[in-house]
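In what follows, a single structure is set out as structure tokens and then discussed.
Just so it is clear, none of the values below were taken in a lab; they were calculated from the coordinates. What you see is a predicted model; the values in this text were computed from it and never measured. Because the Cβ atoms are built from the backbone with ideal geometry, glycine has one as well, and the counts that use them run over all protein chains shown.
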Amino acid sequence: MSIIFVLASLAMIGIGFVDTFMAKTYGEVVTNNLKLRNENQAIVEVLGKFRKHYARSLAQDLGFDLDASHHRITFYVFDEKNNYFYRFHRHSSNPNYLGTTNNQYSPTQGCICKAWESGFHFDNQFPDPVKRYAAYCEYTRKLYNYTHDEVQQLKMKSRLYCSWAIKDTDGIGNVAVVVVESTEPNKWSEQELHDFFVQRREALRQYIATIHPILPKLSDASNLGL
Amino acid sequence: MSNREIIQEVVDVILENDVATGYCHNEDYLKVIVYLSDWKSCLEFQKPITPIRWKHGEIGPEADIDLSNFIRPERLSIKQKISDLWNNFFKLSKAKTQRLKINEEKIVEELMVKLSEMPLSEVYRLANSTFPMITTSTDDKLKLREFSNRYKHSHLKATLSFVEHG
């Protein structure tokens, strides 16, 4: 009788153990899931803070708020392995200027390439694309290596372009480019924008150094065959 | 197999191969792995495994279907309990149903091995680093088959440019 009692007790303990074990395992999954969601949320917040607020604060410093719908600021990062620039954040109060047909930019075209080569580039000599569209296309082709079809696809046909190359934390190599543009050719002078970027040189470098490790990079996917 | 059955099979294979962590019971994680499987399949075989329509979401790829409905533990059985001093976990086994094609199943299995050590944030970053995600903006549709053709073309162009300049 006592043996049956002991066996029954052991069986119950055994069932209890399995239940506890299962519950613990399920509990671990739930905890992991919660941890993952929090981790994910933290990354989203970091990205949000840096990408949106920082670009917006630069835009405010440049006085975008006064006539916001004519201007845009964009950050591009260079993917060395694939030899292309990728846009990673863009700010404009005009929603028509936020999207593009492409998010991949050649290192041999446009004002991104000019800053990449010389550190700083400014041009407000673009013809009026509304009144002199052919001249605008020709100017962009000649100086910036864009075909007429590519110019046609540009959602924002700016008349002022200013680009600044952002260096790595050692201050040696370029890692990214920031471009300010406007449909108003006289919105800012070359000196104004040059001073603006010189004053923020270190902050821009820190910004990129912080955000660069968590930015998606095509080479990370291609290294894994994806 | 119907569209739902294909998705169910893929989810089952993912859960079956999620040996240690149980992360795939997290819908966010599952979604990213299904996306990566579809993308990998397009790169290798010019077609995605599932019929899911993907789009560029706020923080990663978004499916047009709620994948949490496909997490069905009752379809999986405990095949083997694996224990060591600090960890106990189960190896799950999916029911013997209509299987995916061998090469499709292999894609998912190999992906699970590659991603097994990565935290969710890294897996998201990886998904966002794929060609369709990195070349589009929020809310854009991701037609993976078309993107895989474009990717191969642009990759070839970049390689040629590198050889030319290098």
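Residues B:MET112, B:MET133, B:MET118 in ascending order of nearby Cβ atoms (within 10 Å, fewest first): B:MET118, B:MET112, B:MET133. Listed by chain and number, the aspartates and glutamates placed with their C-alpha closer than 17 angstrom to that of A:LYS131 are A:GLU184; residues fewer than eight positions away on the same chain are left out. The simple spin-label model puts a point 7 Å past each Cα toward its Cβ; for A:GLN191 and A:SER57 those points are separated by 2.8 nm.
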